[in-house]
Amino acid sequence: LNTLYAESTILNGEARFVECRLRASVYVLRAPGIGTFEVALDGSLGECSIESGADPATVEVFRLGPVLVLSLALKERFCLHASAVGIDGRAGAFLGASGAGKSTLAALLDGLRLATRLADDILPVGSAATVFPRFPQLKLSPTQQHGKFLPESLPLAAVYL
């Protein structure tokens, strides 16, 4: 196995060791205490093995974080740390450091019905400046997920820092 990444990262609020290795035509992502997930070179998800006693919420954050982000990147959809809103069939993205107010601004515009919240923390972007708002949002509870009601893609009209 060829190690591509092996470092600590924050998953579900705590530091966890995560490694990504390339084995033949499969990426293997592993986090001790969580599990192992495979992603094929075409971005399709393969086998997964969840460790006994793993916290289900942390498993979900690992699956929707590093695993799904790698899958999307292999399909040429790259994830930005951003919140986004949709207005008139176009997307506007808010980028900034953690705590800068990206999520607050998107929620405020959505709450005032001035825009539709498309993303809260992770925004997949593809070629030709296209965003894909149906990505599961890690900061939103299952009842707050609204991806199925959103368009599959929208043109990215503006990026605000």
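The values are calculated or read from the model by the stated rules, or taken from the named source; none is laboratory data. This one's a predicted model, so the numbers in the text were calculated from it and none came from an experiment. Neighbour counts run over all protein chains shown; Cβ positions are idealised from the backbone, glycine included. Remember, those area values only see protein heavy atoms, side chains included, never the ligands or the DNA or RNA. Shrake-Rupley method; radii C 1.70, N 1.55, O 1.52, S 1.80 Å.
Select from segment 77-88 the residues that are open to solvent by less than 50 Å² (accessible area, probe 1.4 Å) and either of a type outside the set (S, T, Y) or farther than 11 Å from R117 by Cα (or both) and list them in ascending order.
Hits for segment 77-88 are C79, A82, A84, V85, G86.
Can you say whether V59 is crowded, with 19+ Cβ neighbours inside 10 Å and in contact (Cβ under 8 Å) with a residue 24 or more places away in the chain, as far as the supplied structure shows?
When the stated conditions are applied, V59 passes them.
Restricting attention to segment 97-107, which residues are surrounded by fewer than 19 Cβ atoms within 10 Å (Cβ to Cβ) and either part of a helix (DSSP H, G or I) or touching a helix residue (DSSP H, G or I) at 6+ places or on another chain (Cβ under 7 Å) (or both)?
T104, L105, A107
Residues checked against (1) at pLDDT 90 or above; (2) in contact with a Gly (Cβ under 9 Å, 6 or more places away or on another chain):
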{"position": "V26", "(1), (2)": "yes, yes"}
{"position": "G65", "(1), (2)": "no, no"}
{"position": "V85", "(1), (2)": "yes, yes"}
{"position": "R90", "(1), (2)": "yes, no"}
{"position": "I122", "(1), (2)": "no, yes"}
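Residue-wise test of (1) part of a loop (DSSP other than H, G, I, E, B); (2) buried (at least 19 other Cβ atoms within 10 Å of the Cβ).
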site: T3; (1), (2): no, no
site: L22; (1), (2): no, no
site: G43; (1), (2): yes, no
site: E47; (1), (2): no, no
site: L64; (1), (2): no, no
site: L68; (1), (2): no, yes
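For the condition farther than 25 Å from V125 by Cα and aliphatic (A, V, I, L, M), what is the one hit in A40, A73, A54?
It is A54.
Going by the structure shown, is S52 of a type in the set (S, T, Y), crowded, with 17+ Cβ neighbours inside 10 Å and either in a strand (DSSP E or B) or at negative phi (or both)?
no
Residues being under 18 Å from the mean Cα position of the chain (by Cα) and hydroxyl-bearing (S, T, Y): count how many of those fall in segment 9-33.
Summing the residues that are under 18 Å from the mean Cα position of the chain (by Cα) and hydroxyl-bearing (S, T, Y) in segment 9-33 gives 2.
Being surrounded by 18 or more Cβ atoms within 10 Å (Cβ to Cβ) and not in a strand (DSSP E or B) is true for just one of F135, F94. Which residue is that?
Step by step, each of F135, F94 is checked, and only F135 is surrounded by 18 or more Cβ atoms within 10 Å (Cβ to Cβ) and not in a strand (DSSP E or B).
I'm told D110 meets every condition in (1) part of a strand (DSSP E or B); (2) acidic (D, E); (3) open to solvent by 40 Å² or more (accessible area, probe 1.4 Å) except one. Can you identify the failing condition by its number?
(1)
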